[in-house]
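Chemist: Here you go, one structure.
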Amino acid sequence: MKLNSQTPEKKDYQSTLEVHSIFSTIQGEGPFCGRPAVFVRLAGCNLQCPGCDTEYTQNRERLNYVSILQNIEERLMSTSSNANLIVISGGEPFRQNITPFCDFLIENDFDVQIETNGSMQIPMELSQLVTVVCSPKTAKLHPSALHRANAFKYVMKAGNVREEDGLPLQALDHRATPYIARPHKSFRGKIYLQPMDEQDVFKNFKNTKAVLDSAMKHNYTVQLQIHKLLNVE
């Protein structure tokens, strides 16, 4: 498996957004799994996870909100899609100032989901209409992420499980001591378990078996990357 070599980047406070790519697809993970969506993948991340399979560094372009919306509409037209779900991913979306952009999308009648690693501050001003899915990679999360996340997603590798709660010790081979962060004890949303894709059939089989065993024992929700099963981006 090729290790991720993309350089970590600091927070970006500018009002425009650095966009890596915009594409129409099926959301393959989390609470909107199976729903047609347009992904706005933002450039850059504050972490460097060796097992990350997402390219988020190259070919970035700084765009204003209207330009991004035009790009979204072009993707919808080209695929004859009526999707109204926008998924903001990365990289790490909260590395940039995305709150006004989320408001802009909501004003234009879109549903919005954000995928975050939870290590950066989630602004209090972020609309409660936005669904935040946190996939921890570090031992500690920013307190705002613990309280704002609507769902948690954990990527699991066989042999890397804490028996007490059935959740991974690390995710995507990023270092975390003693293990990656857990939801707050009062959290009542869904916790998704997803097998790590190591691009190896035998390893992936073991990872999936570990996810199934843990989900059955601890009542977590099994999550597969169905966009890969459907052979879409």
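Chemist: Considering only segment 88-233, what is the antiparallel percent among its DSSP beta bridges, to the nearest 5?
Modeler: Here the antiparallel bridges make up roughly 15 percent for segment 88-233.
Chemist: Along the charge dipole of segment 100-184, which of VAL161, LEU105, SER144 sits closest to the positive end, that is, farthest toward it, with unit charges on the beta carbon of Lys, Arg, Asp and Glu (+1, +1, -1, -1)?
Modeler: My answer, from the dipole projection, is VAL161.
Chemist: In the structure displayed, which of LYS137/LYS157; LYS153/LYS190; LYS137/LYS228; LYS137/LYS206; LYS153/LYS185; LYS157/LYS209 lie more than 18 Å apart, Cα to Cα?
Modeler: Going by Cα-Cα distance, LYS137/LYS228; LYS137/LYS206 fall outside the 18 Å limit.
Chemist: For segment 179-219 and segment 86-156, what is the separation of their C-alpha centers, rounded to whole Å?
Modeler: Going from one Cα centre to the other spans 20 Å.
Chemist: Label HIS147 and THR79 with points 7 Å out from Cα along Cα→Cβ: what is the distance between them in nm?
Modeler: 3.6
Chemist: Over the chain, what relative contact order in percent results from Cα pairs under 8 Å that are six or more residues apart?
Modeler: In percent, rounded to a whole number, it is 18.
Chemist: Suppose every K and R has +1 on its Cβ and every D and E has -1 on its Cβ; what is the size of the dipole of segment 135-204 about the Cα centre, in Debye to the nearest 20?
Modeler: 420
Chemist: Amide H to amide H, which residues 5 or more places from ILE114 or on other chains are under 5 Å from it, using H placed in the peptide plane?
Modeler: Answer set, sorted by chain and number: ILE88, THR131, VAL132, VAL133.
Chemist: Run the lone-cysteine check on the chain: no other Cys C-beta under 4.7 Å from the residue's C-beta.
Modeler: Here CYS33, CYS45, CYS102, CYS134 come out as lacking a disulfide-compatible partner, given the Cβ-Cβ threshold of under 4.7 Å.
Chemist: Take the chain, connect every pair of alpha-carbon atoms lying under 10 Å apart with a spring to form a Gaussian network, then pick out the residue of PRO136, PRO100, PRO195 with the largest mean-square fluctuation.
Modeler: Among PRO136, PRO100, PRO195, the largest mean-square fluctuation in the Gaussian network model of the chain belongs to PRO100.
Chemist: Under a 1.4 Å probe, what is the accessible area of the chain per residue, stated in Å²?
Modeler: Using a 1.4 Å probe on heavy atoms only, each residue of the chain averages 50 Å².
Chemist: Taking only the Cα atoms of segment 109-204, how large is their convex hull per residue, in Å³?
Modeler: 116
Chemist: Which is farthest toward the positive dipole end of segment 29-92 among ASN64, CYS45, GLY30, measuring Cα position about the Cα centre, with Cβ charges +1 (Lys, Arg) and -1 (Asp, Glu)?
Modeler: Comparing the listed Cα positions along the dipole, ASN64 ranks first.
Chemist: Okay, next question. So how strong a dipole does the chain carry about its Cα centre when Lys and Arg Cβ are +1 and Asp and Glu Cβ are -1, to the nearest 20 debye?
Modeler: It works out to roughly 820 debye.
Chemist: What's the Kirkwood radius of the chain in Å, using all Cα pairs?
Modeler: Result for the chain, one decimal place: 18.0 Å.
Chemist: Select from SER80, GLN225, LEU172 the residue farthest towards the positive end of the dipole of the chain; place +1 on Cβ of Lys and Arg, -1 on Cβ of Asp and Glu, and compute about the Cα centre.
Modeler: LEU172
The values are calculated or read from the model by the stated rules, or taken from the named source; none is laboratory data. Keep in mind the model is a prediction, meaning the values are calculated, not measured. Here Cβ is always computed from backbone atoms with ideal geometry, including for glycine, and neighbour counts include all displayed protein chains. Accessible surface areas use protein heavy atoms only, side chains included; no ligands, DNA or RNA. Shrake-Rupley method; radii C 1.70, N 1.55, O 1.52, S 1.80 Å.
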